[in-house]
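Worksheet: the structure to be examined is printed underneath.
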Amino acid sequence: MTVQPADGLSLAAEFPDPAPEQWQSLVEGVLRKSGKDLTGSAAEEALSTTVEDGLITRPLYTARDDAPDAGLPGFAPYTRGSTPQGGAEGGWGVRQRHASTDPGKLNEALLTDLENGATSLWLAVGGTDGVPVSGLARALAGVHLDLAPLVLDAGGELDAAAAELFRIQEERGLAADALRGGLGADPLGLAARTGEDADPTSAVRWARHCATGFPGLRALTVDALPYHEAGGSAAEELGASLATGVAYLRALTEAGLSTEESLGQLEFRYAATADQFLTIAKLRAARRLWARVAEVCGAPGSGAQHQHAVTSPVMMTRRDPWVNMLRTTLACLGAGVGGAEAVTVLPFDHALGLPDAFARRIARNTSTILLEESHLARVIDPAGGSWYVERLTDELAGSAWAFFQEIERAGGQAAALGSGMVAERIAATWAARSKDLARRKEPITGVSEFPLLDERPVERAPLPRPAARGGLPVVRRDEAFEALRARSDARLAGSGSRPTVFLAALGPASVHTARASFAANLFRAGGIEPVHEPVQVDAATVAEAFAASGSEVACLCSSDALYAEQAEEVARALVGAGARRVYLAGRPGTYRGVDEYVHVGCDVVAVLSSLLDRMGVA
């Protein structure tokens, strides 16, 4: 028997349409139970979260949260994709980065990548970590430049590297239109990294060369990574990239290229983080903003931004580096869903030194799994239409445009870099974010949360020592906690043991477990090892237990009710037993004998740094 489908969806029709006010009413009830008497929109705002750039993430988005029309993929404003197929037909390109001074080993790594899933290459040339220009031909032996796009990163050696690439092309007899990729010229990005003056002369000359006979090559890269790596926010990264792109358009058109030709010579590089929704919104906002620039320049049909996304170096940790595989997977997902044409997944051991073959393989396979097994590229702009993503894209675009306008008022990107305006803004952003990191408002799994002190360190060959850097700084999320852990490691290496803390548990496990786990996690983040399991004590037994622990400090762990009954007596007994400092896990109070309180939202880095100082841990 064949069942004919009914017209419409009767299941949904049987339920009344919910109103936002009904949801707010339910929220009000929950908040009242926690002691907050809020009604209406105020109740909803209590659950909102302020993120970077002053953007607010709300708990609920509905059709009322309208945003500008995102258009269609492949058409202005290109929010939904640079081509009608979305980001790239057939999925994003798997573009792996290579930095090695040994041409032979580099060639082996390049061929291995290309034979096992990589579709394009990003190659450091010259400097302290790149292949010498003289070794470029050997490094590219066996690499089919007409099949695998090649993007150079030559920094100050652009002229020599570009000339050598074209020499190789001629030597191999490759047609001019067969060469694909980019020369990676980015004088303003180089200025941001080094502090040197930006000279666009070479970049403009190579852009003219590419525009007149090499349709598959783009001469310039607008690299936003220097701003991200210095601690900039998503909006600052976008605003700086817009200002850089506009500066290049001015230089190229003044040199005689048309606006359309100039736009065609640019590729944009952005960071992709483990915040997948912010990454998606950033790439969508970047295309919309660049489309506006192209429209103002009189070439709206050429405003499709070509994007290369790189998983964030800032988020990569040195401790428990295996977690970086999860971070880069989320970042790659966000970049692919956001519409990047090419994605570079950094190896999980990127922060430790030269990646090994296993790390490069995992990096390649991250994209392959998302493309071939999860089929992410089969849907065009899958986040499009989401009220949350569309609203976030719009708000982020607004913040980025405002920063772009600030830079333009300051005289453009070169002037803003030279005056220190960009550095000052980014430094302020990083300082605010550092406070959130120190308070674990922005947790780092394996570092500030759930650290494993007895993990076996992952060792890698060191990277070549970088040249002196006078430009924007390079920051990492884990740097403050890494400094604490390094002090603990030094104590371990020198004495055979780490600094310890005694967890004095008051009451049964059902009462003290939550705060004991919190305290253990907090102290381990600084390399301070809790002695055994929490020891259940009272005022009569704590002195003996503390003396047996061999520790210098103690932390009380229990409920507020038991603190009121026992905290002062137990603290007094601990001090009498020789405790140099007594902590209490919980909200700050006025218990005599307690020196300091550790609680959610406290400055963990300051607490742990001070404690290591008191312990004499250098």
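Just one of the numbered conditions (1) at pLDDT below 90; (2) of a type in the set (A, V, I, L, M); (3) not in a loop (DSSP other than H, G, I, E, B) is not true of residue 88: (3). For first residues located in segment 92-109 and surrounded by 19 or more Cβ atoms within 10 Å (Cβ to Cβ), partners that are of a type in the set (Ser, Thr, Tyr) and part of a helix (DSSP H, G or I) and lie 6+ apart or on another chain with Cβ distances below 6 Å form the pairs 94/367. Taking the criterion of being part of a helix (DSSP H, G or I) and touching a Gly at 6+ places or on another chain (Cβ under 9 Å), the residues of segment 422-439 that qualify are 422, 423, 425, 426, 427, 429, 430, 431, 433, 434.
Evaluation of residue 536 against the conditions (1) surrounded by 17 or more Cβ atoms within 10 Å (Cβ to Cβ); (2) touching a Ser or Thr at 6+ places or on another chain (Cβ under 9 Å); (3) over 16 Å from residue 440 (Cβ atoms) shows that the sole unmet condition is (2). Of the residues screened, residue 372 is one that is closer than 28 Å to residue 116 by Cβ, part of a helix (DSSP H, G or I) and without any contact (Cβ under 8 Å) to a residue 12 or more places away in the chain.
Looking for whichever is touching a residue at least 24 places away in the same chain (Cβ under 8 Å) and in contact with a helix residue (DSSP H, G or I) (Cβ under 7 Å, 6 or more places away or on another chain) here; the options are 515, 491, 487. Which one fits? Step by step, each of 515, 491, 487 is checked, and only 487 is touching a residue at least 24 places away in the same chain (Cβ under 8 Å) and in contact with a helix residue (DSSP H, G or I) (Cβ under 7 Å, 6 or more places away or on another chain). Within segment 381-409, residues that are closer than 19 Å to residue 338 by Cα and in contact (Cβ under 8 Å) with a residue 12 or more places away in the chain sit with their Cβ atoms under 7 Å from residues that are of a type in the set (D, E, K, R) and in a loop (DSSP other than H, G, I, E, B), at 6+ positions apart or across chains, in these pairs: 381/80; 384/80; 387/65; 391/65.
Of the candidates 497, 419, the single residue that is closer than 26 Å to residue 516 by Cα, surrounded by fewer than 15 Cβ atoms within 10 Å (Cβ to Cβ) and polar (S, T, N, Q) is 497.
For segment 206-232, which residues satisfy the criterion of being in contact (Cβ under 8 Å) with a residue 60 or more places away in the chain, within 26 Å of residue 282 (Cβ to Cβ) and in a loop (DSSP other than H, G, I, E, B)?
Matches in segment 206-232: 230, 231, 232.
Every listed requirement among (1) under 26 Å from residue 478 (Cβ atoms); (2) out of contact with any Gly (no Cβ under 8 Å at 6 or more places or on another chain) is met by residue 550 save one, (1). Annotation for segment 101-112: no member residue is within 24 Å of the chain's Cα centre (by Cα), under 25 Å from residue 348 (Cβ atoms) and in a loop (DSSP other than H, G, I, E, B).
Between 203, 274, 291, which is among the hydrophobic types (A, V, I, L, M, F, W, C), assigned to a helix (DSSP H, G or I) and either outside the structural domain of residue 342 (by TED's automatic domain parsing) or surrounded by fewer than 24 Cβ atoms within 10 Å (Cβ to Cβ) (or both)? Working first, answer last.
Values: 203 fails: either outside the structural domain of residue 342 (by TED's automatic domain parsing) or surrounded by fewer than 24 Cβ atoms within 10 Å (Cβ to Cβ) (or both); 274 fails: assigned to a helix (DSSP H, G or I).
Matching residue, one of 203, 274, 291: 291.
When segment 233-271 is limited to residues that are part of a loop (DSSP other than H, G, I, E, B) and touching a Ser or Thr at 6+ places or on another chain (Cβ under 8 Å), the one that is farthest from residue 297 (Cα to Cα) turns out to be 233.
How many residues does segment 547-570 hold that are out of contact with any Pro (no Cβ under 7 Å at 6 or more places or on another chain) and closer than 20 Å to residue 508 by Cβ?
15
Taking the criterion of being crowded, with 21+ Cβ neighbours inside 10 Å and not in a loop (DSSP other than H, G, I, E, B), the residues of segment 378-398 that qualify are 389, 390, 392, 393, 396, 397.
Scanning segment 325-357 for residues that are at pLDDT 95 or above, in a helix (DSSP H, G or I) and more than 30 Å from residue 392 (Cα to Cα) yields a count of 0.
The values are calculated or read from the model by the stated rules, or taken from the named source; none is laboratory data. It should be emphasised that the depicted structure is a prediction, and the values quoted were computed from it without experimental measurement. All Cβ positions, even for glycine, are placed from backbone atoms using ideal geometry, and neighbour counts span all protein chains on display.
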